[in-house]
1. What pairs come out if I take residues in the range 53-77 that are within 23 Å of residue 110 (Cα to Cα) and pair them with residues that are among the small types (Gly, Ala, Ser) whose C-beta lies under 7 Å away, six or more apart or interchain?
2. Determine if the range 109-123 includes at least one residue that is of a type in the set (S, T, N, Q), surrounded by 12 or more Cβ atoms within 10 Å (Cβ to Cβ) and either touching a His at 6+ places or on another chain (Cβ under 8 Å) or within 24 Å of residue 50 (Cβ to Cβ) (or both).
3. Going through the range 97-120 one residue at a time, which ones are closer than 21 Å to residue 74 by Cα and without any contact (Cβ under 8 Å) to a residue 24 or more places away in the chain?
4. Sort out which residues of the range 105-145 are aromatic (Phe, Trp, Tyr) and within 17 Å of the chain's Cα centre (by Cα), and write them in order of number.
5. Among the numbered criteria (1) under 26 Å from residue 131 (Cα atoms); (2) loosely packed, with under 12 Cβ neighbours inside 10 Å; (3) of a type in the set (Gly, Ala, Ser), which single criterion is violated by residue 60?
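What follows is calculated from the coordinates using simple rules that are stated; it is not laboratory data. Keep in mind the model is a prediction, meaning the values are calculated, not measured. Cβ sites come from the backbone with ideal geometry, for glycine too, and all protein chains shown count toward neighbours.
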Amino acid sequence: MTPHTRSPHSELPEVEANLPKHHAPLPEIWDKDRDGHHDPEGIDFIAVQNSAEYRALRTSHVRFAFPMVITFVGYYFVFVLLSTYAPAFMGARIAGSYIPWGVPLGLLAFASTWFVTWAYVRHANKNLDPRSTALREALEKKAAL
């Protein structure tokens, strides 16, 4: 059998020898883990996906992430386009100094990466993590019954 058609319970091929025993690539196609346990048992993921709590969690994530990605990628492309098609502007000195416009605009790209990371971590810690933890705990409690 090829690695794509093997059961998760068969002997590990050499390329997967370094992975932990409980690791199952593409676990969604198998109903049991490598030890034969159902994991997770009794959770209706479709119902969870349709629940108001999950939709609110997903909406909070998308409303933050989508504008942030559009803004960051937009700035990056504007910077690249300016560098490519407006070299005179990017090479022009700022107010008679020795610093061309391209340097602070390039540094701003690095700073924006740090800002986006900080803002997402702050948003996730404040808004996403408490909701996802509450949802997970409710699912685990329901599955334990």
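1. 68/119; 72/112; 75/109; 75/112; 76/109
2. Narrowing the range 109-123 to residues of a type in the set (S, T, N, Q): 112-113, 117.
Subset that is surrounded by 12 or more Cβ atoms within 10 Å (Cβ to Cβ): 112-113.
Applying the additional criterion that residues be either touching a His at 6+ places or on another chain (Cβ under 8 Å) or within 24 Å of residue 50 (Cβ to Cβ) (or both) yields none.
No, that holds for no residue.
3. As a first pass, look at the range 97-120 and keep what is closer than 21 Å to residue 74 by Cα: 101-120.
Within the range 97-120, 101, 102, 103, 104, 107, 110, 111, 114, 115, 117, 118 meet the criteria.
4. Going through the range 105-145, the residues aromatic (Phe, Trp, Tyr) turn out to be 110, 114-115, 118, 120.
Passing the criteria: 114, 115, 118, 120.
5. (2)
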